1. How about segment B:159-188: which of its residues are out of contact with any Leu (no Cβ under 9 Å at 6 or more places or on another chain), within 9 Å of chain A (Cβ to nearest Cβ) and hydrophobic (A, V, I, L, M, F, W, C)?
2. Out of (1) over 23 Å from residue B:30 (Cα atoms); (2) touching a residue at least 40 places away in the same chain (Cβ under 8 Å), what's the single condition that is false for residue B:177?
3. Looking at residue B:12, is it out of contact with any Asp or Glu (no Cβ under 7 Å at 6 or more places or on another chain), closer than 30 Å to residue A:53 by Cα and assigned by TED's automatic domain parsing to the domain that holds residue B:158?
4. Could you go through segment B:372-379 and let me know if any residue there is small (Gly, Ala, Ser), away from chain A (no Cβ under 14 Å), closer than 18 Å to residue B:172 by Cβ and surrounded by 12 or more Cβ atoms within 10 Å (Cβ to Cβ).
5. Residues being surrounded by fewer than 21 Cβ atoms within 10 Å (Cβ to Cβ) and either in contact with a Gly (Cβ under 6 Å, 6 or more places away or on another chain) or outside any loop (DSSP other than H, G, I, E, B) (or both): count how many of those fall in segment B:302-331.
6. Go through (1) surrounded by 19 or more Cβ atoms within 10 Å (Cβ to Cβ); (2) under 14 Å from residue B:184 (Cα atoms); (3) away from chain A (no Cβ under 14 Å); (4) not aromatic (Phe, Trp, Tyr) one by one and return the number of the condition residue B:206 breaks.
7. With the structure loaded, tell me whether residue B:286 is touching a residue at least 40 places away in the same chain (Cβ under 8 Å) and within 28 Å of residue B:149 (Cα to Cα) or whether it fails that test.
8. Assuming residue B:125 fulfils every condition listed in (1) more than 30 Å from residue B:457 (Cα to Cα); (2) of a type in the set (Lys, Arg); (3) more than 14 Å from every other protein chain (Cβ to nearest Cβ); (4) touching a helix residue (DSSP H, G or I) at 6+ places or on another chain (Cβ under 9 Å) apart from one, which condition is it?
Amino acid sequence: MKAGSKLKSAVCDTEVLLVKAPAEGVLSCGGAPMVAERGEKGTVDAAFAEGTKMGKRYTDATGSIEALCIKPGAGSLALNGVALQLKDAKPLPSSD
Amino acid sequence: MDISLLLKMAADAEPERAGLTCDGRNWTYAELWAAATGAAVEIAASGATHVALLDTGSEAAPIALIGAALAGVPYCPLNYRLADADLGALIARIEPAFIIGDVERVAKLAPGGNHKVFARADFVKLAEQKAEPEREAGEGEGIAVQLFTSGTTAAPKAAILRHSNLVSYILGTVEFGGADPFEAALVSVPPYHIAGIAALLSSIYAMRRIILLPAFDPKVWIELASKEKATNAFVVPTMLSRIVEALGDGSNAPDLSHLKAIAYGGGRMPVELLLRALDLFPTASFTNAYGLTETSSTIALLGPDEHREAHKSEDPKVRARLGSVGKPLPTVELEIRDEEGKVLPPGEAGEIYVRGDQVSGEYRERSALLPGGWFPTRDAGFLDDEGYLFLSGRADDVIVRGGENISPGEIEDVLLTHPSIADAAAVGVPSTEWGEAVAVVIALKGEQPTEAEIKSLIRDRLRSSRVPERILVVEALPYNEMGKLLRREVRKLLATA
C-alpha cells in the first residue's frame, strides 16, 4: 500500500484515498480486501457493514494508516481484520 | 491526489448546494465542478504551460484553479496592480500561458506573445460548454499553484506549491463538509494572494458557501455581509481597519449579527485595532492566522477561545497574547533559530523556521529548504513559555505593508534614477493602518527634490503602495566597514528625526 494511492471496495461503492499507509498489511472493506480496480462485485460481510462516510478519515490504533473516504459505501474498513476507527477530528477554527 | 479532488468530493456529496455567490449569481458545487472540467479541456488543448488569472476575484478563479489542476498545468494568478513593466516581465516568464481577464492589457504588454487570452465571461461560458462532469479528479503530483512573491532584491521569485502541499494543508486543517448549510464565508482578498487561494480551497472542502467580493470597499463589504448573511469572513488587517472605521460606533450599521467567525492574517494586526474590533463584534469569534505563501498559508493560529481569554485576562502575560499569532498547527513543527542556526529557547528572538507537509519552500529557481526539510521564513519572532508565537518583524529587509511584501531594493533603484539623489534606503516604519509603512532616507548630490516630486517618481515608476509616507534627507547613509548598508541604523535615524 502506498500513501497517495486510491483503493476501491470489492463489495460496495466505497473508495478511499490513503493519506498514510503502513509498509505492509491488507486494507479491507466490507470484509473483502480493497482493490485498485473492481472486478465482479461481491457481497458485504455483515461483520463489516457499518458503512463509510464521505470525507471521514479512518485510522488504526497506532495511526499507521489513514484512509480518507472519497466515495461512501455500505461496508466498513479494517486493517488486517481489525476494524478501523473514525479519526479523532479536533477541528481547528477556520483560518482562511 | 490533487486539489481537484477537493471540489469533486463536494460536488459528489452535495451537487445542488450553493458553493459560490458572485455578482448575484449562485454556483452549485456541481456547476463549479462541471465548469472546471470544461476549463481543463480548453487549457489542455491550448498547450499552455501556465494558467494565469489577470483579474479581480470571480467564479473564474476557482474554475481556473481547479481546471488548471485537472489539466496538469500550474495556476499562476497575477497581480493586476503591478506597473506595466513589472507585469509584462512576469507574463514573459510564464509564456506560453492561458490567460483569463484583462485581454487589452495583455495585448498591450505581450503583443507578440504566444498566449491564449480570454475575457472572464468568455472563459466561463466556454468552460461550461466543454464540461465533462463524469471525469475523475486528477492524480497530479506536480505544481498546483505558482505565485510571484517579492524578496529583498527587485525581481520577484516564483514560489511554487505542489498539490501535495495544498492537499496536506487542507486535509490537516479542514473537516470535510464541516460547515452547516447556512454558513457562508465572505472572501474579499485578491485572487493572486495565497490567502485568496487558501480561502477557496478551505471553503470548498468544508462546503461553506463562498461570497466573493471582487474589489474591497468597506461599505460594500458591510452591505454584502449583511445581505448575504455572512457567517464567516477573512480579512487582512487594513481591511478590518477600514471596516471598523466605516462602522463608526456601530449604531447605524446594518444587521451583522450572523457574522460569527472573523479570521485575519496576511500582515501585522495592531493590537489597538483588534481591541476595537473585539468590541464592535462582541458575539463573533476571532482567529489570527499566520502563514506565508511558501507554507500554503496558515502555520500558526490564535483561536477564538485564546482571544477571549486574553481579552478578559488581568494577567499581563495572558493579555499580551492578543499580540501573538498563536500556537503552531499540530501538523507542523516550528523552531526559533539564531543566525548560526542554533535552536533558541522560549523568550529569545530569532528567525522562525518551519517544517511540515504543507511547507513547500520551493521556487522555480531553487529550493529554500534546508536539510531535514526546514524552511527559513525570514520572519523574526520568539515563543513564550507556553508555546505562543510572537512576531518581531522581518529577519531580512522586506517591508510588509498591508499584507503585501515590498522589496526595498525596487524603491531604492527608482530613487537612484533621480539626478539629485546620491544614495537611498527604503525601510518599514510602524503604522497603525498598514502594519508597516514605507519610509525612505536619502543623501543628495544636487538640489533637494520636493517631497511631491519624489512621491510622483515612485508612484509613476512603481505603484502607490510603494510611495513613502516619510522622506528624510541626511548627509550620508550609515554603512559598516564591509560597505553593507545598516538598515537598523536607518530605522533609528527615522525614529529620532
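1. Residues satisfying the conditions are B:179, B:185.
2. (1)
3. Values: out of contact with any Asp or Glu (no Cβ under 7 Å at 6 or more places or on another chain): yes; closer than 30 Å to residue A:53 by Cα: yes; assigned by TED's automatic domain parsing to the domain that holds residue B:158: yes.
For residue B:12, the condition - out of contact with any Asp or Glu (no Cβ under 7 Å at 6 or more places or on another chain), closer than 30 Å to residue A:53 by Cα and assigned by TED's automatic domain parsing to the domain that holds residue B:158 - is met.
4. Residues of segment B:372-379 small (Gly, Ala, Ser): B:372-373.
Checking the rest, the ones that are also away from chain A (no Cβ under 14 Å) come to B:372-373.
After this cut, where a residue has to be closer than 18 Å to residue B:172 by Cβ as well, the list is B:373.
Those still in the list that are surrounded by 12 or more Cβ atoms within 10 Å (Cβ to Cβ) too: B:373.
Yes, that holds for at least one residue.
5. If we filter segment B:302-331 for residues that are surrounded by fewer than 21 Cβ atoms within 10 Å (Cβ to Cβ), which is where we start, we get B:303-305, B:308-309, B:311-320, B:322-323, B:327, B:330-331.
Those left that are additionally either in contact with a Gly (Cβ under 6 Å, 6 or more places away or on another chain) or outside any loop (DSSP other than H, G, I, E, B) (or both): B:304-305, B:308-309, B:311-312, B:316-320, B:322-323, B:327, B:331.
Number satisfying all stated conditions: 15.
6. Going through (1) surrounded by 19 or more Cβ atoms within 10 Å (Cβ to Cβ); (2) under 14 Å from residue B:184 (Cα atoms); (3) away from chain A (no Cβ under 14 Å); (4) not aromatic (Phe, Trp, Tyr) one by one, residue B:206 breaks only (3).
7. On the way: touching a residue at least 40 places away in the same chain (Cβ under 8 Å): no; within 28 Å of residue B:149 (Cα to Cα): yes.
Answer is no for this residue.
8. For residue B:125, the failing item is (4).
The values are calculated or read from the model by the stated rules, or taken from the named source; none is laboratory data. For clarity, every value in this text was computed on a predicted model and none was experimentally measured. Note that we place each Cβ from the backbone using ideal geometry, even for glycine, and neighbour counts take in every protein chain shown.
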